[in-house]
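To keep things clear, I will list the structure first and then write my remarks on it.
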Amino acid sequence: MTFSTQIDQNLVKLLLEALESGELSQAGVLLDELTKVRESELYQRVSELTQNLHQTLDGLNDSSLLLQTKHDIPDASERLEYVINTTAEASNKTLESAENALNLMSSLQEATFKSIAGSDPENLQNMISQINSELTEIMLAQSFQDLTGQVLNRVIMIISSLEQSLIHLIDQSVHDYSAIPDRDKSAEEKSSDEMKGVGPNVTAKSKNGSTQSQAEVDDLLSDLGF
Amino acid sequence: MQVNREINILVVDDFSTMRKIVKDLLRELGFHHFDEADDGATAWPMVQTGKYDFIVSDWNMPEMTGIDLLRRVRTDENLKDTPFLLITAEAKRSQILEATQSGVDGYIVKPFTAATLNSKIHKIFERVAERKNSE
């Protein structure tokens, strides 16, 4: 980085004289004088760059960094939370079913041996053991939940970090984060998105205008004369 | 009312897990002739052969959406009366409205139960039988 200012040779001469004659406080004052020019040039450059960045951000259109930071990143985080919650729920349900089935198998075992002692208890025992081991496999398979949960939490941390960096960048460029507007999609754009399909409505925002259950869908269908 | 269990069914969804679940549930309801497609785009040529008595489709698929597939079926002279059921996560009122206006016979939102699937299928084929009787 080069500076345009010429170094004041006179000041340098005076500085040298002050140093040679041991006048250290005078030398200090002169050194300050010399560097002051450089400092103000530096500040000017930084201020110019900040102004440029501000103008650049000003000139960005809708699909910009600003909107993505404010809307898309929190949106992505909400979706990931949903994935964690849903898979946890599914795992719990599966585990419950497996446990219930195992209990049933116990009872079945007792009942069967009581009623058919004499026919082939060993074969029956084998079948029951096999079924038990299938059920245990189902339970063990649920351990994925723990691993995917850890991975997803990491992703959430990464995204959160990125969000903070971007907010910081926006602040540094003297933009007002809280003044970033809502996404403004035209009715056509919204309609076009919906025709392509928007996936499950998991964020609080996307639940607007959507049905929450088959019962609600059926109500709407019967209102439509279905 | 007994639905004919020998009908040919096409199951369309880009997630293989979902196709498997739908097929398994339909199998438990007594159906056994299934074909699968992973997108509206791969399904359409299959549908055009005229083989299918019933189409069960997702909405959100990469190449051709279920709603697009439905519209094509309804505008084809030979295929337009094919019973068509959407099973989808798309649940916005405007989307449901669009689906009914495009001629869907049933709309199931995910996640769904076997009971729901069973009752919707019965409704659809009841309506099909009514249409035939009034012709």
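Computed values, structure above
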item	result
Contact order relative to length of chain A, as percent, for alpha carbon pairs under 8 angstrom and 6 or more apart	27
³J(HN,Hα) computed for each position of segment A:90-99 - Karplus, 6.51 cos²θ - 1.76 cosθ + 1.60, integer Hz, glycine/proline x	4, 4, 4, 4, 4, 4, 4, 4, 4, 4
Rounded to whole Hz, the Karplus (6.51, -1.76, 1.60) HN-Hα couplings of segment A:216-221, x for glycine and proline	5, 4, 4, 4, 4, 4
Interchain or long-range residues, amide H under 5 Å from B:I108's placed H	B:L86, B:I87, B:T88
Positive-pole candidate from B:V47, A:I84, A:L169, dipole of the protein assembly as shown, charges at beta carbon	B:V47
For chain A: lysine pairs under 15 Å (alpha-carbon distance), excluding those fewer than 8 apart on one chain	4
Length released on extending from A:Q172 to A:T56, taking residue separation times 0.36 nm less the Cα-Cα span	40.5 nm
Computed lengthening from A:Q164 to A:K205, 0.36 nm per intervening residue step minus Cα-Cα distance	12.6 nm
Inter-label distance, nm, simple model (7 Å from Cα along the C-beta direction), A:K190/A:L11	6.2
Solution diffusion estimate, µm²/s, Stokes-Einstein, segment B:8-134, Kirkwood Rh from C-alpha pairs, 20 °C, viscosity 1.002 mPa s	148
B:H122 paired with B:T49, simple spin-label distance in nm, labels 7 Å along Cα-to-beta-carbon	3.2
Among B:A89, B:Q101, B:L70 the positive-end extreme of the charge dipole of segment B:62-117 (Cβ point charges)	B:A89
Extension gain, A:A179 back to A:S47 (0.36 nm per residue minus Cα-Cα distance, nm)	45.3 nm
Rounded to 5, the percent of DSSP beta bridges in segment B:8-134 classed as antiparallel	0
Most fluctuating residue given options A:N100, A:N123, A:N132, as computed from a GNM of chain A linking Cα atoms under 10 Å	A:N123
Förster-model FRET efficiency, 51 Å R0, A:L24 and A:Q150, C-beta, rounded to 0.05	0.25
Rounded FRET efficiency, nearest 0.05, which uses the C-beta distance separating B:N133 from B:D35 and R0 of 30 Å	0.55
Rg to Rh, two decimals, where segment A:62-180 supplies the alpha carbon set and Rh follows Kirkwood	1.39
Estimated [θ] at 222 nm from DSSP helical runs (n ≥ 4, -39500 (n - 2.57)) normalised by residues in chain B, nearest 500	-14500 deg cm²/dmol
Beta bridge orientation in the protein assembly as shown: antiparallel %, DSSP, nearest 5	5
Stokes-Einstein D for chain A, Kirkwood Rh over Cα pairs, 25 °C, 0.890 mPa s (µm²/s)	94
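We did not get these values from a lab; they are worked out from the coordinates using the rules stated. Just so it is clear, the structure is predicted and the values come from calculations on it, not from any experiment. Heads up, the Cβs are rebuilt from the backbone with ideal geometry, glycines too, and the neighbour counts pull from every protein chain shown.
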